[in-house]
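Here the structure is laid out as structure tokens; the discussion comes afterwards.
The values are calculated or read from the model by the stated rules, or taken from the named source; none is laboratory data. Everything numeric in this text was worked out from a predicted model, so none of it was measured. Note that we place each Cβ from the backbone using ideal geometry, even for glycine, and neighbour counts take in every protein chain shown. Please note that ligands, DNA and RNA were not included when accessible areas were found on the heavy atoms of the full protein model with its side chains. Shrake-Rupley method; radii C 1.70, N 1.55, O 1.52, S 1.80 Å.
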Amino acid sequence: MSGRVRRASERALARIESAFNAAFGNECNPVYHSGALTIYFFWIVLVSGIYVFIFFETSIFGAYASVERLTHDQWYLGGVMRSLHRYASDAAVITLLVHLGREFVKGRYRGARWFSWFTGVPLLWMVFPLGITGYWLVWDRLAQYIAIATSELLDRLPLFTEPMARNFLLPESLSDRFFTLMAFLHLLGIPIFLVFGIWFHLLRVSGPRVNPPRRLALGSLGALLLLSLLLPAESQGPADLTRVPQALGLDWFYLAIYPLYDLTSADFLWALLAGGSLLLALVPWLPPVKREPAAVVDLANCNGCGRCYADCPFGAVTLQPRTDGRRHPLQAVVDPDLCTACGICAGACPSATPFRSVAELVSGIDMPRLTVHRLREATAAALHRASGPLRVVVYGCAHGADLSALARPGVVTQTLPCIGNLPPSFIDYVLRRAGADGVLLTGCRLGDCYFRLGNEWVVRRLAGTREPHLRSTVDRRRLKVVWAAPVDSGRLVAALNEFLQQLARLEPQRDPVPPPARVAGEAAR
Amino acid sequence: MNTWLRRLGQATAYLAFAAAVGWLSARPAYAPIGPDQALVRLSFGHYGARLGECRRRSAEELSRLPPNMRATLECPRERSPIRVHLELDGRRVYEAVLDPSGLSRDGPAHVYEKFVVPAGEHRLRVFLDEDIHRPQGEYTAAARAELAPGEVLVIDFRPARGGFVFYHHGKAFDGCNGTDCDRG
């Protein structure tokens, strides 16, 4: 996708998300939780499916009647469960497509994140057959239509000696054997693969969000329950192989490929599905991009405290037995294949404090592209050059609002890969040692961190609930945090102006305490 | 934002979501064929003629074989492709030479084709040649049928019933000879 199209799509998506943020709040924004909602809907599908299965007759001659009995004789529970089963499956397709589209638009599939994207593609090949086989089991006119069309499609592949579609040629051709196979696939075969598929999909994500917030879960369930009561799912008359079903109520979420097949051909459809899947799977490498250098561990400064390990959103950091003979039992080890170069680990490292009196500030884990040393030097130099009545340092994230809109005398901006890359001690440092009057932090909107957890960790670090803390002695009036997406530049500018006015009302900062003489080669304790 | 406005926004979002799910789960309706159309399905599996003659084994040959393999006739496995064509209202709508299935080309050749036709009366004539190399094993059949909209007519081949069988309303019916079919 070209840069212009991507930016336009990102802006459009951000505006949609803004509307949901306004109604639901960032913490319950359903767009942010689209992946977790998909899994949640499958839980509803599972529970309702188990109930429906209790009354379902796994036979082509009894299936339709058993579903009808469940739907009508037991409408208050069985009927609702059947409807929930269908509607939750459909809802899952919506959230799945939102999840996929959103990750694509936001570019969260490149570099080390290829794995989650790539393993998501086979999930599509499990979800849709799961839905199709479910419709098949009702054995009504819709089931008849999709059974024949699916058979015709499969017959195009060199799988079966005898055309599968001959099973549906005449009423006398029907047999339970084939139906039992469908039941097995729907009830056990595909769901097992789906569970393993989801596990693989989340394998390289640390602390994945697999459950939506309770309020969102209850609201979604309520909406589907209401729909089930107002518009119960019904069968479409018993299958009749002597006729072609007409005016079918097609589930467009799962069955849209069939009209396309009718319009084109089996060859076209298979080419489209195979080609589309291949293209989708290769998206992370189209075009190939140079990966940012991974985080680097400096054993002389790493005491194996495990904060980087705890904060890494992608499980790229592990703790392993010490290899350099120092007294600490563990050391951090970075797997470059998993590292997204977000720098959250460096922000978590206790040795990344700029107060250390060393000429070359080296932290236990750091980013080669922008080391904490270079960040300290760049901030100090920029503040030194800054003119104006007030001097403010803005630390921003590369994926949030554009900091160039904040340019004005006295305002120093530093762009980081992720705001979680900033060790909290830098705030203290620039206020006390570097002569800044205020610090403004900005990053992706809460709940929507490009690197998953960066802004969440920052909130906790500032609140003192997650290491490393921002010291309680830091004057909070001189610190402002604004979570802003690229489309929120105006809001960020307004927040900065407001912050400058607030700082102007405060008593002047004391003269900064000069940094102590720096000692080369100091090691972390 | 005001709490009530937020709640209103949430309720609207949930309702819109439910409406989208409910609507697209069964609407808009779809018709696989038009309201004035019917369907003809031609499908069967049939062994082509053997390529080569069977040979009777001599008593000496038989005695050398294990007892469970002493078949009197030794026949080549490979089958001939079959030729099939279907005429609908005097127009040839399908013609194909179908290969035998199996790696050794010793299985039946299969056909599965469907033809959407206007509802109404139709004349059908179907032909099968089970040996494309020699003029032998030819089967032909014809039928006339009145198809109502949405009805399916099936043409199958059942050797036990002497060849082609036409099914309408799920029941086999007798075809007609060419003269009867062409009349009227």
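A:Val31: modelled with pLDDT of 95 or more and in a loop (DSSP other than H, G, I, E, B), yes or no? Working first, answer last.
Details: modelled with pLDDT of 95 or more: yes; in a loop (DSSP other than H, G, I, E, B): yes.
Here the answer is yes, as A:Val31 does meet what is asked.
Being under 27 Å from the mean Cα position of the chain (by Cα), acidic (Asp, Glu) and surrounded by fewer than 24 Cβ atoms within 10 Å (Cβ to Cβ) is the requirement here; does A:Asp448 meet it? Spelling it out, A:Asp448 is indeed under 27 Å from the mean Cα position of the chain (by Cα), acidic (Asp, Glu) and surrounded by fewer than 24 Cβ atoms within 10 Å (Cβ to Cβ). Take region A:36-58 and flag every residue that is of a type outside the set (Val, Ile, Thr) and either open to solvent by 20 Å² or more (accessible area, probe 1.4 Å) or modelled with pLDDT under 95 (or both). A:Tyr40, A:Phe42, A:Trp43, A:Leu46, A:Tyr51, A:Phe53, A:Phe55, A:Phe56, A:Glu57 - these are the residues of region A:36-58 that are of a type outside the set (Val, Ile, Thr) and either open to solvent by 20 Å² or more (accessible area, probe 1.4 Å) or modelled with pLDDT under 95 (or both).
Name the residue that is farthest from B:Val152 (Cα to Cα), counting only residues in region B:123-132 that are open to solvent by 30 Å² or more (accessible area, probe 1.4 Å) and not in a loop (DSSP other than H, G, I, E, B). Walk me through it before giving the result.
Let us first name the residues in region B:123-132 that are open to solvent by 30 Å² or more (accessible area, probe 1.4 Å), namely B:123, B:125, B:127, B:130, B:132.
Okay, now just the ones that are also not in a loop (DSSP other than H, G, I, E, B), so B:123, B:125, B:127.
Values: B:Arg123: 14, B:Arg125: 16, B:Phe127: 20 Å.
So the residue we want is B:Phe127.
Given the structure, is A:Arg166 over 37 Å from the mean Cα position of the chain (by Cα), without any contact (Cβ under 8 Å) to a residue 24 or more places away in the chain and either closer than 16 Å to A:Thr38 by Cβ or away from chain B (no Cβ under 14 Å) (or both)?
Details: over 37 Å from the mean Cα position of the chain (by Cα): yes; without any contact (Cβ under 8 Å) to a residue 24 or more places away in the chain: yes; either closer than 16 Å to A:Thr38 by Cβ or away from chain B (no Cβ under 14 Å) (or both): no.
No, not satisfied.
Annotation: of all residues in region A:59-116 being more than 14 Å from chain B (Cβ to nearest Cβ) and among the basic types (Lys, Arg), the one that is most open to solvent (accessible area, probe 1.4 Å) is A:Arg69.
Okay, residues lined up against (1) buried (at least 16 other Cβ atoms within 10 Å of the Cβ); (2) hydroxyl-bearing (Ser, Thr, Tyr); (3) assigned by TED's automatic domain parsing to the domain that holds A:Tyr109; (4) out of contact with any helix residue (DSSP H, G or I) (no Cβ under 8 Å at 6 or more places or on another chain):
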residue: A:Pro313; (1), (2), (3), (4): yes, no, no, no
residue: A:Gly325; (1), (2), (3), (4): no, no, no, yes
residue: A:Val333; (1), (2), (3), (4): yes, no, no, yes
residue: A:Leu338; (1), (2), (3), (4): yes, no, no, no
residue: A:Ala341; (1), (2), (3), (4): yes, no, no, no
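Yes or no, residue by residue, for (1) in contact with a Phe, Trp or Tyr (Cβ under 8 Å, 6 or more places away or on another chain); (2) more than 14 Å from chain A (Cβ to nearest Cβ); (3) open to solvent by 40 Å² or more (accessible area, probe 1.4 Å):
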{"residue": "B:Arg105", "(1), (2), (3)": "no, no, yes"}
{"residue": "B:Pro108", "(1), (2), (3)": "yes, no, no"}
{"residue": "B:Glu121", "(1), (2), (3)": "no, yes, yes"}
{"residue": "B:Gly137", "(1), (2), (3)": "no, yes, no"}
{"residue": "B:Leu147", "(1), (2), (3)": "no, no, no"}
{"residue": "B:Pro159", "(1), (2), (3)": "no, yes, yes"}
{"residue": "B:Val165", "(1), (2), (3)": "yes, no, no"}
{"residue": "B:Cys176", "(1), (2), (3)": "no, yes, no"}
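Go through region B:1-51 and give me each residue that's closer than 29 Å to B:His169 by Cβ, more than 7 Å from chain A (Cβ to nearest Cβ) and part of a strand (DSSP E or B). Answer for region B:1-51, where residues must be closer than 29 Å to B:His169 by Cβ, more than 7 Å from chain A (Cβ to nearest Cβ) and part of a strand (DSSP E or B): B:Gln37, B:Ala38, B:Val40, B:Leu42, B:Phe44, B:His46.
Of everything listed in (1) within 14 Å of chain A (Cβ to nearest Cβ); (2) assigned to a strand (DSSP E or B); (3) buried (at least 19 other Cβ atoms within 10 Å of the Cβ), the single unmet condition for B:Glu113 is (3).
Checking each residue in region A:346-357 for being open to solvent by less than 10 Å² (accessible area, probe 1.4 Å) and within 17 Å of A:Leu453 (Cα to Cα) picks out A:Ala346, A:Gly347, A:Ala348. The single residue among B:Val152, B:Val165 that is at negative phi, in contact with a Ser or Thr (Cβ under 6 Å, 6 or more places away or on another chain) and among the aliphatic types (A, V, I, L, M) turns out to be B:Val152. Within region B:100-112, residues that are without any contact (Cβ under 8 Å) to a residue 60 or more places away in the chain reach partners that are surrounded by fewer than 20 Cβ atoms within 10 Å (Cβ to Cβ) and of a type in the set (Val, Ile, Thr) with beta carbons closer than 8 Å, at six or more positions or on different chains, in the pairs B:Ser101/A:Thr161; B:Gly102/A:Thr161. Scanning region A:226-268 for residues that are open to solvent by 60 Å² or more (accessible area, probe 1.4 Å), more than 9 Å from every other protein chain (Cβ to nearest Cβ) and in a helix (DSSP H, G or I) yields A:Leu229, A:Leu263, A:Asp267, A:Phe268. Yes or no: region A:402-420 includes at least one residue that is of a type in the set (Lys, Arg), surrounded by fewer than 22 Cβ atoms within 10 Å (Cβ to Cβ) and more than 17 Å from A:Val372 (Cβ to Cβ). Within region A:402-420, one or more residues are of a type in the set (Lys, Arg), surrounded by fewer than 22 Cβ atoms within 10 Å (Cβ to Cβ) and more than 17 Å from A:Val372 (Cβ to Cβ).
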